[in-house]
Each structure stands twice: as structure tokens, then as C-alpha cells.
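Working notes, beginning with the structure itself.
The values are calculated or read from the model by the stated rules, or taken from the named source; none is laboratory data. Keep in mind the model is a prediction, meaning the values are calculated, not measured. Every residue, glycine as well, gets a Cβ built from its backbone with ideal geometry; the counts of neighbours run over all protein chains shown.
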Amino acid sequence: MKTIKSITSPLFILNVLFMWGCSDIQPVSIVDDSTDSELIQMNAVSLSTDSLFVSSGVDSSGITGDGNGKYFARMIVTGIRYDLPLRSDSLLQAEAIFLDRLNPIQANGRVNAYPSFNLGAIILNGDTLPMQQRRNRIFGVDSLLGYKYQMRKSYSYESGKIYRWQVSGNNTIDSADVSIVSPSEIRVYDISPKIISADVPLSIKWSCANKIVNIFISKESGLLQKSWTPILHLKVRNTKGEVTIPPKILEILPIHQHQRFLFTFSSESRFTRSISGYSDSVLVEAASLHNILMNVGP
């Protein structure tokens, strides 16, 4: 995930061309005392082929945090709650990957992908994460890129829970033992109106004690609109357990091209640490997510 431009309200100017190919966005100035624009920092989200953490919204918690793209290794545990038309449940997802930044795979003069290391066994609170083979098509050939570790299971979220990662290591990267405490759970309990309209503010209320709440807005993408691509990130100062998103932000969304958008609300805790033998910092993160599907109004 890469931030194109960061803007802080109440007075900000956005002049970016979004990856989804809409017409040029003109500079937008927001000064609106009736909304919470002063609490919102807005970032446009762009995904590129060399992005380390391209994520898929509903099926992945990877869109936690801003600036994930600058890390070449991460260990993330996420509690995900879904409120979708055909799905309302919760799961715990844990994911670990250590990319080899020093040996990029290039195609046509640019980085196409990074291989990843086999670090032996990776265990989270006694559960061994399955090791999965990574693949990518390079020059039309299905290529093996190393491994990632991922686990999903049902859960009951606990704020303040200690998650302990244990990494056995390999011949060059040492073993590691690191713990992180889960943040306050995020639970959205009211959105008004229930649809997205470019000229109507969107009021959202939640239960969460974190000082910052992140909101990622994703559009449908892929064949038959089966996946989600994040296009906008709102970083909200959580001073009152709610926010009103002004129309000037909502009208940036490509509502004439898509009938629905996925809103992902995130409460996060994170830090970085070093592991002997690995050349880059490792992002360690715990997060609570609440995914809500919003339709576009008439």
C-alpha cells in the first residue's frame, strides 16, 4: 500500500489521479463546520505490482495500517468482523511473511515481485501457521516465489490479549520470540444514512477506545466483481466515538461506476523489531476490523 498524498483537514487540497481511471480530480477544499473534517486525515491508496501488501479487503485483513508498504516483513494477527448481506460472522486471521528485498525479481526493467524466505515453523499462541507456496506469473510463466504463513479460525475477540509469536528461523535468520497486545475492539453500531450519496454527509458511530480509527473504503474489482481494492484511507482522531464524513470526501468515490463499496473500520496496535540475520525491520501488528458493505443510493 502506498500513500500518494496525505492531507490534513479542515482545509486541504487533493489533486491526484486515482488508479481506477476516472477523470482528473480537481483540487478540493473542505471547510465545513457541520462535519468532522478537522478530525480526518485523508490518503488516496494506490496499489502497484511491486507493493508488498496488496490486499483483498473482505478475504484479507491486509489493509490494516498506513505505511505497510515500506516494510518487507510482517507478523500480523487480526480479528475480523463481517456485516455483509449474505455473511455476518467473525474470524481470526494470522499472517507472516519475510521478503528478500536484496534479490528482487525484475521484468521489463522494474521490480515485479520479491521472493520470500522459509523460516521454518512459525507459531502463534500454540497454533502452528500453515506454510503456503507463493506464486506469480513472470514473463508468462508461473513462478515460485517462496513462502508465506497464514492461519484462519473462528474467534471471540479479546481486547488486551497477549499474542506470542515464535519463529524457529533458518540457517541464516535467527529464531525470534515476540509478543503484542491486542488493541481495543472496533464495533460500528450505527451508520446514517444507510446508503452512500455524494451530496449527503455520512454519520458513523462506533465503540472503540483507540485514539485513532482507520477507515478504508474499497471498490469492487476482479472478474465478476468478486474481490475488493482499497482506494481511500481515512485516519480519524477518535475523540467522541463517532465521525461525520463530509460530502466533499464521498463525492471523490467512483459512485457512478460502482453500486457498492466496502467500508473497513480498523483499530490497531503496532511496532517494529529487528531479527538477527534478517536485513530489514519486521512489522508486528495486532488489529480489530469491522467490515460493512454500503450500497450507493439513487
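What the table below lists for this structure:
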quantity: Among (1) assigned to a strand (DSSP E or B); (2) more than 22 Å from N214 (Cα to Cα), the one test that P298 misses; calculated: (1)
quantity: Failed item in (1) farther than 25 Å from N103 by Cα; (2) in contact (Cβ under 8 Å) with a residue 60 or more places away in the chain, with H256 passing the rest; calculated: (2)
quantity: Some residue of region 149-157 being at pLDDT 95 or above and part of a loop (DSSP other than H, G, I, E, B); calculated: no
quantity: P201 vs. criteria under 30 Å from W165 (Cα atoms) and surrounded by 18 or more Cβ atoms within 10 Å (Cβ to Cβ); calculated: no
quantity: Count - residues of region 171-183 that are in contact (Cβ under 8 Å) with a residue 60 or more places away in the chain and surrounded by fewer than 19 Cβ atoms within 10 Å (Cβ to Cβ); calculated: 4
quantity: Residues that are closer than 19 Å to I275 by Cα, part of a strand (DSSP E or B) and in contact with a Phe, Trp or Tyr (Cβ under 7 Å, 6 or more places away or on another chain), drawn from region 98-126; calculated: F98, L99, S116, I122, L124
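Residue by residue, here is whether (1) surrounded by fewer than 20 Cβ atoms within 10 Å (Cβ to Cβ); (2) part of a strand (DSSP E or B); (3) of a type outside the set (V, I, T); (4) under 20 Å from the mean Cα position of the chain (by Cα) holds:
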position	(1), (2), (3), (4)
D190	yes, yes, yes, no
K205	yes, yes, yes, no
A209	yes, no, yes, yes
V213	no, yes, no, yes
I217	no, yes, no, yes
I231	no, yes, no, yes
